[in-house]
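Only one structure is covered here, and it is reproduced in the block below.
The values are calculated or read from the model by the stated rules, or taken from the named source; none is laboratory data. Not measured: the values here are computed from a predicted model. Every residue, glycine among them, receives a Cβ derived from its backbone with ideal geometry; neighbour counts consider all protein chains shown. Only protein heavy atoms, including side chains, enter the accessible area calculation; ligands, DNA and RNA are left aside. Shrake-Rupley method; radii C 1.70, N 1.55, O 1.52, S 1.80 Å.
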Amino acid sequence: MSKGEWNNRFKNTVPLQLPITYLKPVKRNTITHEFDSGSQAEIIPLQESDDHLSEASKLLRQGIQQQQGGELITAMKSLQQSLGLFQAVGDLEKQAQVLSFLGLVTYSAGNYKGAISYSQQCLSLLNNTSDLVLQMQSLSHLGNAYRHLNDHKKAIEYLEKCLKITQQLQDKRSQVAALNNLGLVYKSLGNFTQAIEYQQQSLAIVRELKDNWGEEQVLKNLGNAWYALNNYQKAIAYYEQCVVLSRSLKNVRSASQVLKNLGNACYALGDYTKAIKYYEDRLQLAKEIQDKRSEEQSLSSLGVASEALGDYNKAITYYEERLLLARNIKDRRSEEQALASLKVACYALGDYAKAMQYQQGTSSNS
């Protein structure tokens, strides 16, 4: 299953004036649903003769393609135009489909109140229909949006309804998403045991489906839940499986994030040598993709872990690299932190003259 197949179609009817100029994808651990490439002809019959319907259908297909390509601004415009045309001809079924997808786009952009508005309007149009797929998707987005707004009670209510429909439809891919997302709500509530129970169920199904993209996300979330319980051994076990999948999928940014978590978990266990290995792997990835922020963070972590091993010379090397990078990207806060770290490491070595240089904000590499 492709990465794009994990998202949805949703939402709204009345003109909701959203700041579409500023829409951009927001990263999160939620699993959503999207149309796959083969479903569009099925959703929108091509035999419509009416000009309005034909244009509205074209705009909907266009909006779907734009959303899948990450073009949220243009997707919003296409979908809103499509919605207006379907409203003009009074086609409630198609309005619900457009509203459903508008919910996904606004959710993807981090506009959770907009996602709720579109999804609720979609559900109101579905009251007298048996379109369980659209109901399931709208309930999913409502639950996910309410989680981000910290309304956990409503999030659980909608996601449990969503899960029941996925089971009724025997839609295993959607069950994976519903179980994973319920786990995220319980994690937000601090109920990590319940979160792990849901995500373990999700993991079993996603492995049955042989869906590597979905499995990667669930493994990451399980690692995060065990990490939050301070069970670093189990967190490491899931993170290590996750990073193998991330690399095989060439999902470099995800691999970078998980390598950071692996390093932190090993550090928490006092395994500083292994922590350094993971931090170095992350540093290499950061350089490959020219992610300066991850590179700067990795250098800081490497310095701290080296100090924990008592290797202050190596720590100073990492901190010096961090200092140069911070100055290069004009990050004053990171620069000050690097100087403070360098001062402490030099004091530990008894190099007080150099420590004073760092205290004054200078170094041999200035």
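Data overview
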| quantity | calculated |
| --- | --- |
| Segment 208-366: radius of gyration over Cα atoms, expressed as a fraction of 2.2 N^0.38 Å | 1.15 |
| Partner lysines for K330 [C-alpha distance under 27 Å; skip if fewer than 8 residues away on the same chain] | K24, K27, K260, K287, K292, K314, K343, K354 |
| Solvent exposure of segment 214-329 as accessible area per residue, Å², 1.4 Å probe | 42 Å² |
| Cα shape, segment 87-133, gyration tensor, a/c 1.5 rule | prolate |
| Surface share of carbon and sulfur [accessible, 1.4 angstrom probe, percent] for segment 78-148 | 47 percent |
| Of (i) 22.6; (ii) 21.7; (iii) 21.2, the label for Kirkwood radius over Cα pairs in Å derived from the coordinates | (i) |
| Whole-Å distance, taken between Cα centres, linking segment 145-214 and segment 288-326 | 38 Å |
| Per principal axis, descending, Cα span of segment 69-151 in whole Å | 37, 30, 19 |
| Cβ charges +1 (Lys, Arg) and -1 (Asp, Glu), total dipole of segment 236-366, debye | 340 debye |
| Sequence-distant lysines (8 or more away, or on other chains) whose Cα lies within less than 21 Å of K94 | K11, K58, K77 |
| Most positive-pole-ward Cα, L339, Y318, L299, against dipole of the chain from beta carbon charges | L339 |
| Farthest toward positive dipole pole in the chain [+1 Lys/Arg, -1 Asp/Glu at C-beta], among Q120, A178, A255 | A255 |
